[in-house]
Every structure is written in C-alpha cells, then in structure tokens.
Amino acid sequence: MPRIPKAVCAACLVELRIRRTGIMVEMQRKTTTDEGHETIEPYYKIMADIAECPKCRIQLAINFAKEPVVEHWQEGYYLGVASMEVILT
Ligand SMILES: [Zn+2]
C-alpha cells in the first residue's frame, strides 16, 4: 500500500508536515435571534492536529476526531480551554 498524504499545499505542491498534535478546537455556529440579530455561540469542542507547509508556512487544522469531546449542552463544557476557536460557515 503506497503512503497517501493527509494534506498537500496546493500552492507549493508539497506535503504538509504535522506541527502540533491533539489540540482542542472549539467550533462555534452562527444563529439568528428572534430580533433578527446574528450571533455566534459555542457549539462543540473537538480534537485536531495542526499541519504546516514547509515552504510557505501556511497552517491548517486537519485530522479532526470522528466525534466531539464535549457539546455545548453537556456539563463541563467550559472547563477546558480551546487552542482555537472556529466559526462554522
Ligand atoms: Zn505552501
């Protein structure tokens, strides 16, 4: 079985390298209030890795876990500190 890359920089055409493993990412989502205002609220926390292009140094979060560590409605959601906060589009 050949080795298949997890991520490739489309600009530099080289394989990304893993820079950090097992970081906690908080996903946030946009919702609209009854008054019509758009707000951003906590959604869930999930583990991922950070990969970096060795040429242009762009960094990507990859290797997301299959399931969240904790969701916003669960007890203890605010105990851990996330390394990144991401707004889902
Ligand atoms: Zn690159």
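Listed values, structure above:
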quantity: All strands (runs of 3 or more DSSP E) inside segment 1-77 with 1 or more residues being over 19 Å from the mean Cα position of the chain (by Cα), more than 16 Å from the ligand (Cβ to nearest atom) and touching a residue at least 12 places away in the same chain (Cβ under 8 Å); calculated: none
quantity: Residue that is modelled with the lowest pLDDT [pool: residues in segment 49-84 that are closer than 13 Å to V25 by Cβ and β-branched (V, I, T)]; calculated: V81
quantity: Selected residue (only one of I4, I46, I23 is surrounded by fewer than 12 Cβ atoms within 10 Å (Cβ to Cβ) and either of a type in the set (V, I, T) or at pLDDT 95 or above (or both)); calculated: I4
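The values are calculated or read from the model by the stated rules, or taken from the named source; none is laboratory data. On a predicted model such as this, the values are computed, not experimentally measured, just so you know. Don't worry about glycine lacking a Cβ; one is built from the backbone with ideal geometry, like all the others, and counts go over all protein chains shown.
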